[in-house]
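J.: My structure is below; once you've seen it, I'll send some questions.
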Amino acid sequence: MDILCFILSFTVIFKTSTAQMVPAVFMFGDSLVDVGNNNHLPVSFAKANFPHNGIDFPNKKATGRFSNGKNAADFIAEKVGLPTSPPYKSLPSNNVSAFITGVSFASGGAGIFNTSDLTLGQAIPLTQQVGEYESIHGHMVQHLGASGAEKMLSKSLFCIVIGSNDIFGYSNSSDHNEVTSQQYVDSMTLTLKELITRIHNTGGRKFFVAGVPPVGCTPAIRSKQKFGVCNEEINSIAAYYNGKLISMLHELTSALNGLTYSYFNTYTSLDDITHNPSSYGFTEVKAACCGLGTLNAQFPCTPISKLCSNRSSHVFWDLYHPTEAAARIIVDNLFDGPSHFSTPFNLRHLITS
């Protein structure tokens, strides 16, 4: 790398505009934050690169986001003054300039465990996502030098939004007599702890980690319940996982030098929206906007699905995912929200401290 290219790269990182709050955003997770990685997986059924997805995205384009428009990854990027981190699968892995302000490794159907997407055909599990980040880290060190990469990454934001598919996978499995939900959740948190440690070992210091939402209240689950109520058994597993996740993150701050985090209680935030919809501008909290059948949730969002006329009135876009309107509110809560949504502080505090 010649000296001019190095200076230009260095300037991109450290001579940021006043609106840019972090050098880069590295996104790990599932379909809640996938911005197109699954488009590049040839045999995956977990794709959203077709209508009606993207109907409210710029140019009405279906990009691979499981949404009518932007998703949480887009809104987090907007908050910190950066373009949305591009999908890793769309980038040349040895071109630092292509991912100098961040990369998204998130994949629809992904879980903490490698087996959580078996019903969807193919996804990129979190273990592989972290491996892909480690590969990029090597290129950063090569092109920026060890100290330059360390300085950049210590100020960058590492976002982890995952866990729902693992809980869905356990709830649909037949081995509950062999593995209890508590044992399964303990294994989830232990695996996640090991993966966060790997990211920390390569320079990550500021972590945003989202808890799982009340997944038993998604339209897909409600549609199987009498009167469309939530499945509280599934929700109890989600709540237990969130509690274990908070404890694990607290332990990591003592074990890993310089690690700070913001945990967002997605469960509480979405629960508040569904119990007080009018205060957030919603009128429909149970049914999907795009789909077919009971609660519009017995068939995925495809070009032949029914589509609600007012997407902003619905909390859910499809069987599992929020609308753009709901995602925007959730990100407002995680970024600037009160203490009952985030611990030990919200995302703005994390990146400015």
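The values are calculated or read from the model by the stated rules, or taken from the named source; none is laboratory data. Just so you know, these numbers come straight off a predicted model, no measurement behind them. A quick note on method: Cβ atoms are made from the backbone with ideal geometry, for glycine too, and the neighbour counts reach across all protein chains shown. Just so you know, the surface numbers come from the protein's heavy atoms only, side chains and all, with ligands and any DNA or RNA stripped out. Shrake-Rupley method; radii C 1.70, N 1.55, O 1.52, S 1.80 Å.
J.: Taking the Cα centre of the chain as the origin and placing charges on Cβ (Lys, Arg +1; Asp, Glu -1), which of 270, 225, 330 is farthest toward the positive end of the dipole?
T.: The listed residue farthest towards the positive side: 330.
J.: Quick one: in segment 118-231, what % of C-alpha pairs are over 24 Å apart?
T.: Everything past 24 Å amounts to 42 percent.
J.: If each of residue 236 and residue 251 carries a label point 7 Å out from its Cα toward its Cβ, how far apart are those two points in nm?
T.: Each label point is offset 7 Å from its Cα along the Cβ direction, giving 2.4 nm.
J.: Then there is this: Carbon-plus-sulfur fraction of the accessible area of the chain, 1.4 Å probe, in percent?
T.: Here it works out to 54 percent.
J.: Determine ³J(HN,Hα), in whole Hz, for all residues of segment 134-142 in sequence, where each value follows from phi through the Karplus function 6.51 cos²θ - 1.76 cosθ + 1.60 and θ = phi - 60°; x replaces Gly and Pro.
T.: My calculation for segment 134-142 gives 4, 5, 5, 4, x, 5, 5, 4, 4 Hz in order.
J.: Another question, then. Any idea of the accessible area per residue across the chain, 1.4 Å probe, to the nearest Å²?
T.: Result: 42 Å² of accessible area for each residue.
J.: Quick check: residue separation of residue 336 and residue 98 times 0.36 nm, minus the Cα distance between them. What number comes out in nm?
T.: Contour length minus Cα-Cα distance gives 82.7 nm.
J.: How much FRET efficiency would the formula 1/(1 + (r/R0)^6) give for residue 173 and residue 128, where r is the Cβ-Cβ distance and R0 is 22 Å, rounded to 0.05?
T.: It comes out at approximately 0.55.
J.: Taking the alpha-carbon distance from residue 61 and a cut-off under 27 Å, which lysines remain once sequence neighbours fewer than 8 residues away in the same chain are dropped?
T.: 47, 70, 79, 89, 286, 306
J.: Kindly provide the chymotrypsin sites (Phe, Trp or Tyr not before Pro) of segment 43-152 that DSSP labels as loop, not H, G, I, E or B, and whose Cβ sees at most 15 other Cβ atoms within 10 Å.
T.: Qualifying residues, ordered by number: 45.
J.: Just grab the label-to-label distance for residue 19 and residue 294, each label 7 Å out from Cα along the Cβ direction, in nm (one decimal).
T.: 4.7
J.: Helix 266-275: angle to the longest alpha-carbon principal axis of the chain, degrees 0 to 90, nearest 10?
T.: 40
J.: In whole Å, what is the distance between the alpha-carbon centres of segment 285-353 and segment 252-283?
T.: Measuring centre to centre over Cα atoms gives 13 Å.
J.: Now a separate question. Normalised by the number of residues in the chain, what is the relative contact order in percent for Cα pairs under 8 Å and 6+ residues apart?
T.: 17
J.: Can I ask one more? Per-residue HN-Hα couplings for segment 170-185, Karplus 6.51 cos²θ - 1.76 cosθ + 1.60 at θ = phi - 60°, whole Hz, x for Gly and Pro?
T.: 5, 5, 8, 7, 10, 9, 5, 6, 8, 10, 6, 4, 5, 5, 5, 5
J.: Rounded to the nearest 5, what % of the DSSP beta bridges within the chain are antiparallel ones?
T.: About 20 percent, rounded to the nearest 5.
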